[in-house]
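Colleague: One structure, pasted below without further comment.
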Amino acid sequence: MSSAGVPARGLGVVAYAAGDLRVEEVPIRAPGRNEALVEVLYGGICGSDLHYWQDGASGTSVLRAPMLLGHEIVGRVAAAATDGSGPLAGTHVAVHPARPDPGDGSVRYPYNRPNLSPAGTYLGSAAHLPHTDGAFVKYAALPTTLLRPVAATVPLRSAALAEPASVAWHAVRRAGEIVGKRVLVIGSGPIGALVVAVLKRAGAAEIIAVDLQPLALQIASQVGATRTILAADRDAVDAVDADVVIESSGSRHGLAAAIRATTRGGRIVLVGMLPSGDQPIPIATAIVRELELVGSFRFNDEIDEVISALEDGSLHIDPVVTHEFDVSDAVEAFGVALDAARSGKVLLRF
């Protein structure tokens, strides 16, 4: 420990380049006046973490320097901020990883949607240089504005899903009125499964989940899907005639299936991150059916609603977690998380 009681170094998970993921001792930054020192207890491995490891990039965010990964974080406040802001020491917290920033004002965006701010940063993101380090480390100094208290009655294993569940909650909100609707979820990995859970809570009448993997469909059923379809059965998917489709596979094939499976006048929410560049899709079908294609990017304050739903027991998401690994075994954990045939959400224990 340093004289201020902050460990000087801790075991962290760092992406150096495509194919180069290391578990190594990293410096722990002492917190500023408006920052708390958080003892990280669980971290969820996200698709973006996997992309930084596999590809050296996540979408258009390209690694140009080593970066500490991790933005799906829960833990305990080890030391409260010295300016008196934020939760007290000992409080369980989830982390909202975003810091909105309008930049120099040259890029227009709706100010009531801070997730679209052009210069915003996100923990564990290479969107800007210098990169924004994540929090896959035993202790992290984090601004108190990012911390959300979680009742001690909520298991931290469940609370570790608060961030991705907020992505799902935002996507369902972008879908509009859900009560009584037939909803198709294409791609039932961790985000898709969380979308299913949020849809069930929101009152969808039918929730049909599609995926290439039987395990993903099994998890989707456990959290609320009323029917499942293997993605290889194209005719069955095309015949769904859904009021709303939430595309969470992040593939052009999934988006094409979404267009074919949506009823006339229906809405498609795009939450899966497709590769950058042009995508060949049956857009003529979307035109003649007057379909609405709506983007969904990260989230805003939905994390507060997710935490409340976890605290009152109305959001059932526990089956989404399939594996836990100690942080020292993070490379193995990333390999398991990459294999959708045998894993859902994989957590690191700190």
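Computed from the coordinates by the stated procedures, all read-outs in this text should not be read as laboratory data. All values reported here derive from a predicted model rather than from experimental measurement. Every residue, glycine among them, receives a Cβ derived from its backbone with ideal geometry; neighbour counts consider all protein chains shown.
Colleague: Take the alpha carbon atoms of the stretch 178-221, find their center, do the same for the stretch 241-309, and report the distance between the two centers in whole angstrom.
Modeller: Taking the Cα centre of each part, the stretch 178-221 and the stretch 241-309 sit 13 Å apart.
Colleague: Mind checking which lysines have their Cα closer than 22 Å to the Cα of Lys181? Skip sequence neighbours fewer than 8 apart in that chain.
Modeller: List returned: Lys200.
Colleague: How much length is gained if the chain between Leu338 and Gln279 is pulled fully straight, taking 0.36 nm per residue apart and subtracting their Cα-Cα distance, in nm to one decimal? Each step should come with its number before you reach the end.
Modeller: Details: separation 59, 0.36 × 59 = 21.24 nm, distance 2.38 nm.
Gain on stretching Leu338 to Gln279: 18.9 nm.
Colleague: Mind listing the phi-derived Karplus ³J(HN,Hα) values for the stretch 172-186, rounded to whole Hz, using 6.51, -1.76 and 1.60 with θ = phi - 60°, and x for any glycine or proline?
Modeller: 5, 4, 5, 6, x, 5, 10, 4, x, 8, 9, 10, 10, 10, 9
Colleague: Same structure again: If we sort 262-271, 133-142, 290-299 on the protection proxy, mean other Cβ atoms within 10 Å, highest first, what's the order?
Modeller: Numbers: 262-271: 20.0, 133-142: 25.0, 290-299: 16.6.
So the order, starting with the most tightly packed, is 133-142, 262-271, 290-299.
Colleague: Could you give the dipole magnitude of the chain about its Cα centre, charging the beta-carbon of Lys and Arg +1 and that of Asp and Glu -1, in debye to the nearest 20? Show your work: numbers first, answer last.
Modeller: On the way: 29 positive and 37 negative charges, 71 e Å.
Using only the charged Cβ atoms, the result is roughly 340 debye.
Colleague: With unit charges on the beta carbons (Lys and Arg positive, Asp and Glu negative) and the dipole taken about the Cα centre of the chain, which residue among Gly265, Val40, Gly90 sits farthest to the positive side?
Modeller: Positive-most Cα among the choices belongs to Gly265.
Colleague: Using a 10 angstrom cutoff on alpha carbons, build the Gaussian network for the chain and name the most mobile of Val245, Val179, Val288.
Modeller: For the chain, modelled as a Gaussian network with Cα springs under 10 Å, the answer is Val288.
Colleague: Counting only DSSP beta bridges with both residues in the stretch 214-350, tell me the antiparallel percent, nearest 5. List each step's numbers first, then the result.
Modeller: Numbers: 0 of 14 bridges.
Just about 0 percent of them are antiparallel.
Colleague: Calculate the spin-label point distance for Val62 paired with Asp20, positioning each point 7 Å from the Cα along the beta-carbon direction, and give it in nanometres.
Modeller: Going by the 7 Å Cα→Cβ label model, 1.6 nm.
Colleague: Given a cut-off of under 8 Å on Cα pairs at least six residues apart, what relative contact order in percent is computed for the stretch 1-81?
Modeller: Details: 139 pairs, mean separation 29.7, N = 81.
Dividing the mean separation by the residue count of the stretch 1-81 yields 37 percent.
Colleague: Once you have a ≥ b ≥ c as the square roots of the Cα gyration tensor eigenvalues for the stretch 165-295, tell me rounded if a/c is under 1.5, and otherwise prolate or oblate according to whether a/b is larger than b/c. Intermediate values should be presented prior to the final figure.
Modeller: Numbers: a/c = 1.36, a/b = 1.24, b/c = 1.10.
Taking the square roots of the gyration eigenvalues as a ≥ b ≥ c, the stretch 165-295 is rounded.
Colleague: Checking the a/c ratio against 1.5 first, then a/b against b/c, what shape does the Cα gyration tensor give for the stretch 26-131?
Modeller: Values: a/c = 1.98, a/b = 1.26, b/c = 1.57.
Judged from the Cα gyration tensor, the stretch 26-131 comes out oblate (a/c at least 1.5, b/c at or above a/b).
Colleague: What's the ranking of 83-91, 186-194 by average number of surrounding C-beta atoms within 10 Å, highest first?
Modeller: Highest-to-lowest ranking by the protection proxy: 186-194, 83-91.
Colleague: Could I ask something else about it? Quick check on the chain: of the DSSP beta bridges with both residues there, what percent are antiparallel, nearest 5%?
Modeller: 60 percent
Colleague: Just from its helices, what would the mean residue ellipticity at 222 nm be for the chain, if runs of 4 or more DSSP H residues each count -39500 (n - 2.57) and the sum is divided by every residue, rounded to the nearest 500 deg cm²/dmol?
Modeller: Working: 10 runs with 90 residues, N = 350.
Value at 222 nm, helices only: -7500 deg cm²/dmol.
Colleague: How many angstrom lie between the C-alpha centres of the stretch 36-54 and the stretch 114-155?
Modeller: So the two Cα centres are separated by 10 Å.
Colleague: Cα to Cα, under 23 Å, and not fewer than 8 places away if on the same chain: which lysines meet these conditions relative to Lys138?
Modeller: Leaving aside lysines fewer than 8 places away in the same chain, those within reach of Lys138 are Lys345.
Colleague: Something else: Taking the Cα centre of the stretch 165-295 as origin and charging only Cβ (+1 Lys, Arg; -1 Asp, Glu), how large is the dipole, in debye to the nearest 20?
Modeller: Details: 13 positive and 12 negative charges, 56 e Å.
Dipole about the Cα centre, nearest 20: 280 debye.
Colleague: Which one, Ala216, Ala236, Ala256, has the greatest fluctuation when you compute a Gaussian network model over the chain with C-alpha springs under 10 angstrom?
Modeller: Among Ala216, Ala236, Ala256, the largest mean-square fluctuation in the Gaussian network model of the chain belongs to Ala236.
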